[in-house]
1. Under a Cβ-Cβ cut-off of 10 Å, what is the net charge of the residues other than A:V380 that fall near it, where Lys and Arg count +1 and Asp and Glu count -1?
2. Suppose each label sits 7 Å from its Cα in the direction of the beta carbon; what would the A:R155-B:Q43 distance come out to in nanometres?
3. For chain A, what relative contact order do you get, as a whole percent, if you take Cα pairs closer than 8 Å and at least 6 residues apart?
4. Please identify the GluC sites (Glu not before Pro) of the range B:176-272 that satisfy two criteria: DSSP loop assignment and at most 16 other Cβ atoms within 10 Å. Which are they?
5. Determine the sum of side-chain charges near B:P263: Lys and Arg each +1, Asp and Glu each -1, restricted to other residues whose C-beta is under 13 angstrom from that of B:P263.
6. Hey, can you grab everything whose amide H is under 5 Å from the amide H of B:G89? Only 5+ residues off in sequence or another chain; H modelled, so Pro and N-termini drop out.
7. What's the longest uninterrupted piece of chain A once you rule out the GluC sites (Glu not before Pro) that are loop residues per DSSP with at most 12 other Cβ within 10 Å?
8. In degrees, nearest 10, range 0 to 90: what is the angle between the Cα axis of helix A:332-356 and the longest Cα principal axis of chain A?
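The values are calculated or read from the model by the stated rules, or taken from the named source; none is laboratory data. Because the structure is a prediction, the values reported are computed rather than measured. Cβ coordinates were reconstructed from backbone atoms using ideal geometry, including for glycine residues, and neighbour counts include every protein chain displayed. These accessible areas exclude ligands, DNA and RNA; they are computed on the full protein's heavy atoms, side chains included. Shrake-Rupley method; radii C 1.70, N 1.55, O 1.52, S 1.80 Å.
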Amino acid sequence: MTILIALALLAAFSASVYMLSRRRAVALAEGRSASLHSLPGYHGTWVALWAGVPAALIIILFAIFGARIEDSALRAQVPAAVAELPAERQEVFWSDASAIARGQTPSEISYQGPIGEALAAKTAEARRLSVIGLVSVLALSGVLALCGVLLAYPRLSKDFRARNRVEGWTGVLLIACSTLAVLTTVGILGSLIWESMRFFQSVSPADFLFGTSWDPQIAMRSDQVAAKGAFGAVPLFVGTFLIMLIAMTVAAPVGLFSAIYLSEYAGPGTRATIKPLLEILAGVPTVVYGFFAALTVGPSFRAFFNWVGAMLVEGPMDPLGQYLMTVQNQMALTAGVVMGIMLIPFVSSLSDDIINAVPQTLRDGSYAMGATKSETVKRVILPAALPGVAGALMLAVSRAIGETMIVTMAAGLQAKLTANPLDTVTTVTVQIVTLLTGDQEFDSPKTLAAFGLGLTLFTVTLALNIVALGFVRKYREQYD
Amino acid sequence: MVTSMTLQPPLIRTAAPHSHNPAAVEPSKIVIRDVNVFYGAKQALDSVSIDIPGRSVTAFIGPSGCGKSTFLRCINRMNDTIPGCRVEGAIEIDGADVNDKTVDPVVLRAKVGMVFQKPNPFPKSIFENVAYGPRIHGIASSKSELEGIVEASLKKAGLWAEVSDRLNAPGTSLSGGQQQRLVIARAIAVNPEIILMDEPCSALDPIATARIEELIDDLRQQFCIVIVTHSMAQAARVSQRTAFFHMGRLIEAGPTEEIFTNPRESRTQDYITGRIG
Ligand SMILES: Nc1ncnc2c1ncn2[C@@H]1O[C@H](COP(=O)(O)OP(=O)(O)O)[C@@H](O)[C@H]1O
Ligand SMILES: [Mg+2]
């Protein structure tokens, strides 16, 4: 709250500095605005930036890191009574001290005797530290704002190149934003790698990548900690691959053919109605596809296969019939088909762009040779668009293996090593979800396994995306 | 006025005299009467009538936007592929109207080849580019026959010597001038009767242009060629007959020499001497 008020005050201060400097520039011009190197507004903006930006930066940094700094200052001195406590209890003590200092509800543990005194002392210290922190930061930002004005304002003159200076500031701000985006990505990647390393300390990468049995629950029981083979991810990879394959079997032909229809056959009117419809399909949240799969597609597939099974029992194909009778709602086929439907607009709009980028002169050349539309599509347009279409399909594959919601709701949880599309399978993403939902301790191999899976998924999709984008870019260059 | 114009020296030097032997005038291959073309509501051609002889080169000249390409596309019905384009009037090849309901444009276009402004080889090998037409029209019954057609077409297009050792290289790996000759080879591989060329040299350098012009002069022995060009010198060099278009109308058509030395219309003369265009 105090921080927000401070920022608002700073903004008001910058605004008045702007007005002041602008007026000063107008005065410098002595009525002939053309005699100024830069428009008065640039002078105002430049001084206002010096007044506002460094101070705001300090305040924002404090808002992000202040609490952590205060916390470590608080813990610098551990009272003897606290040092005797077990590690988790110490954590609770520290968080209670901060909570009481901030006026929040502490845990229900009652502190008596020396610990109680220590708590009271540390609470008081925490309060003091937070006041010191806030006051010093506010003072520092005030000084920075004043210094900015005092240094910048006297430099205004007729020939001062405020316009170029403001341009420089704009560059700095834009670079800062893009750096932030890059740093965030690096940070995510770093934490993923770091946590995965911890996982691979307890389970060897070879066991993880090539083991064929996945049962992380075993590791929860202390008598079987990290039992060998419990973290073999092959069944997950196979399940992911199976569902991706089914999804692409649906999405690739349907998406590609609808793109061909839209770009080569459809008239402008049809195109204008179908394209937005496909785009709506692309905007449906995946959780909606998820319950469509779980509540509509799954049960109807099951009913269908059970019906076929009932027809076959006691016939020559009795075993197959018996099996089909036992098919459940959750199966790779359901998840794959619905995921394929989800990917259709993705594939078709990417392919549509790519087919449209095939130069008209090639179509004209083919028609002028007496080729029909379908001959032109098959023999000229598709070969020309092939690299781009391959790239689009790879992007779709990478979305399919990263897709979570549909498989969580429709594929199942059992890690089976099977290629049967009617069986329940589980995928990498589903396992990450199940490993991390609910209360988890963050250093058991079971939880860390999620990071191992995450890193694998990340590596595969990243590689796919890089290759795919390379294809698409090369294709674009070919026809520019 | 008229007499003074007949006495004028040629404005532009025209093709060798042998091509203008009046005794050897070919009968009309293409007869066009009162053709109007509309793009939506906009009229691009206004009652154009012209006779185009076989086995000779007819050049269409005129300022850009005057409808030369549009007119060329009427002859092989390429305007059908442009949404909103409507063609009226009679366009007869050997006495048969191309817009007749019984005429399949796919068959028509095998008879009327077309070469475009920008070389447009397909993303296939040199061989497959030339084999494209014979394949889709089922012209060759065996592989060796197909190879024979490809070789003969490349030879006619004057490209064989340059590509015979790399028929499997992509067509796009050739230079611009070679690509344009490849496209001509592709067009003549289906043995058309007419070849339409829409500014075939405007994307080429002078040397490549000279080679294409030589090629056109050779092909004249066998095909009826209609060429659109923005270069009057080119029209004078390669064509036997010239037609001048202006603002959607055919202003004047006749033997090339006559058009360039003694045009009947003052607008033609203005264009040829560079006063309009
Ligand atoms: N596809 C098209 N759609 C609409 N108008 C067109 C199209 N093609 C050509 N036109 C118009 O028709 C007229 C003649 O064009 P065109 O035949 O290309 O002329 P030229 O080849 O002589 O330069 C121009 O005014 C042009 O704007
Ligand atoms: Mg044109």
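1. Numbers: positive: A:R363, A:K378, A:R379, B:K124; negative: A:E375.
The answer is +3.
2. Label at A:R155, label at B:Q43, 6.9 nm between them.
3. Details: 601 pairs, mean separation 74.8, N = 480.
With pairs under 8 Å counted, the relative contact order is 16 percent.
4. Values: sites: B:E193, B:E213, B:E214, B:E252, B:E257, B:E258, B:E265; in loops: B:E193, B:E265.
Within the range B:176-272, the qualifying GluC sites (Glu not before Pro) (loop, at most 16 other Cβ atoms within 10 Å) are B:E265.
5. -2
6. Here B:N36 satisfy the definition.
7. Numbers: sites that count: A:E30, A:E84, A:E108, A:E314, A:E441.
Here the longest segment lacking exposed loop sites spans A:109-313.
8. Compared with the principal axis, the helix lies near 70 degrees.
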